[in-house]
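**Student:** After the structure tokens below, expect a handful of questions from me.
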Amino acid sequence: MRISSLLVILSILSACGGESSAGSSSRRFIISFIAESDPGVPLGDVSINIGDEEIARTDANGLAQSAVAGIEGQVIAVQHVCPEGFQDAGPPTPIQLQQIRSLSDDGITAVNVRLTCQPANRDVALVVRTEGNHSGLPVLLNGEPVTETDANGFAYIIRQDPPGTRYALALDTSMRERVSSTPSPTYTLDAADAVFTWNASVEVEPEPEPTMRRRRRRPRMTVAPRMIVRVGGNGRRRIRRR
């Protein structure tokens with residue numbers, strides 16, 4: 001009895017030791033990658049590397065998959081390289097190797113890793129709208145003339161610039177008499193496409209009222225009254241004034 005009991009205990013310990021040894025042995029883990037430039041925008045041609053070795057490259061849908069050898073629970077550093085026109089990826093992404101079993105079947109689900117490559121430049125639209133529909137006014141961007149307002153008093157500037165770019169708009173009214181405008185606030189481009197609209201206030205001074213010139217009156221000449229002298233039959237003079 002004692003010998004048989006001892007054999008049972010040894011067999012159990014041997015089985016446990018075997019499972020522990022197997023659990024610490026190297027195996028292959030499936031890792032799925034999805035690369036995006038913006039949330040929901042897939043990006044292809046992203047190189048995925050461990051050390052100096054490329055293990056995968058995303059397709060046109062931003063997807064890639066690779067099998068990596070390692071031990072359960074091990075943390076590896078994965079570096080991705082963004083294609084031309086996108087910012088550097090930054091520091092490596094730490095990934096913990098683990099096998100995730102699917103609840104729907106007995107299969108093994110891959111570890112999913114999301115990678116981001118932000119565009120080096122962002123699309124930006126600057127819209128200028130003048131109050132009063134002033135046409136033909138030059139528009140200055142950071143002090144430089146770039147366009148002018150159209151017949152409806154609008155102007156549009158389309159650019160691609162890196163995040164952090166600052167924009168200051170102004171209207172050049174130097175060629176218009178009695179017309180002035182206040183510069184726009186400063187706009188800053190964030191890490192996303194943007195539209196900036198400036199409602200430009202244009203002030204027009206009223207024309208001065210014409211001054212009436214007074215005509216100088218000439219002094220009136222005084223005319224001496226005429227005297228008519230008549231001589232009567234009796235020789236007397238009769239003087240009549242008019």
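The values are calculated or read from the model by the stated rules, or taken from the named source; none is laboratory data. It should be emphasised that the depicted structure is a prediction, and the values quoted were computed from it without experimental measurement. Here Cβ is always computed from backbone atoms with ideal geometry, including for glycine, and neighbour counts include all displayed protein chains.
**Student:** Would you mind stating whether residue 124 is under 23 Å from the mean Cα position of the chain (by Cα) and within 30 Å of residue 47 (Cα to Cα)?
**Tutor:** Yes: the conditions hold for residue 124.
**Student:** Among the listed residues 77, 69, 56, which satisfies the condition of being assigned to a strand (DSSP E or B) and in contact with a Lys or Arg (Cβ under 8 Å, 6 or more places away or on another chain)?
**Tutor:** Only one candidate qualifies: 69.
**Student:** Could you check segment 80-90 and list, in sequence order, the residues that are surrounded by fewer than 17 Cβ atoms within 10 Å (Cβ to Cβ) and assigned to a loop (DSSP other than H, G, I, E, B)?
**Tutor:** Passing the criteria: 83, 84, 85, 87, 88, 90.
**Student:** Tell me yes or no: at least one residue of segment 34-43 is among the small types (Gly, Ala, Ser) and in a loop (DSSP other than H, G, I, E, B).
**Tutor:** The answer is yes, given that some residue of segment 34-43 is among the small types (Gly, Ala, Ser) and in a loop (DSSP other than H, G, I, E, B).
**Student:** What's the number of the only condition in (1) surrounded by fewer than 14 Cβ atoms within 10 Å (Cβ to Cβ); (2) at positive phi that residue 162 fails to meet?
**Tutor:** Among (1) surrounded by fewer than 14 Cβ atoms within 10 Å (Cβ to Cβ); (2) at positive phi, the lone unmet condition for residue 162 is (2).
**Student:** Can you tell me which residue in segment 117-140 is nearest to residue 87 (Cα to Cα), limited to those that are assigned to a loop (DSSP other than H, G, I, E, B) and small (Gly, Ala, Ser)?
**Tutor:** In this case the residue turns out to be 120.
**Student:** While we're looking at this one, here's another question. For a quick check of your reading of the model, give me the residue pairs whose first member lies in segment 118-129 and is touching a residue at least 60 places away in the same chain (Cβ under 8 Å), whose second is buried (at least 18 other Cβ atoms within 10 Å of the Cβ) and assigned to a loop (DSSP other than H, G, I, E, B), with beta-carbon atoms closer than 7 Å and at least 6 apart or on different chains.
**Tutor:** These pairs meet every condition: 122/189; 124/189; 128/149; 129/153.
A quick yes/no check of all residues on (1) of a type outside the set (D, E, K, R); (2) surrounded by fewer than 11 Cβ atoms within 10 Å (Cβ to Cβ); (3) modelled with pLDDT of 90 or more; (4) not assigned by TED's automatic domain parsing to the domain that holds residue 160:
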{"position": "1", "(1), (2), (3), (4)": "yes, yes, no, yes"}
{"position": "37", "(1), (2), (3), (4)": "yes, no, yes, yes"}
{"position": "49", "(1), (2), (3), (4)": "yes, no, yes, yes"}
{"position": "60", "(1), (2), (3), (4)": "yes, yes, yes, yes"}
{"position": "70", "(1), (2), (3), (4)": "yes, no, yes, yes"}
{"position": "100", "(1), (2), (3), (4)": "yes, no, no, yes"}
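**Student:** Specify which of the listed residues (188, 130, 109) is under 30 Å from residue 47 (Cα atoms), in contact with a Ser or Thr (Cβ under 8 Å, 6 or more places away or on another chain) and hydroxyl-bearing (Ser, Thr, Tyr).
**Tutor:** Residue meeting the stated conditions: 109.
**Student:** Enumerate the pairs (first residue in segment 75-101 and touching a residue at least 60 places away in the same chain (Cβ under 8 Å) and closer than 17 Å to residue 30 by Cα; second residue anywhere and of a type in the set (D, E, K, R) and surrounded by fewer than 14 Cβ atoms within 10 Å (Cβ to Cβ)) with beta-carbon separation below 7 Å, excluding pairs fewer than 6 apart on the same chain, so at least 6 apart or on different chains.
**Tutor:** Nothing qualifies.
**Student:** So which of 116, 109, 147 ends up being touching a strand residue (DSSP E or B) at 6+ places or on another chain (Cβ under 7 Å), more than 25 Å from residue 189 (Cα to Cα) and surrounded by 13 or more Cβ atoms within 10 Å (Cβ to Cβ)?
**Tutor:** 109
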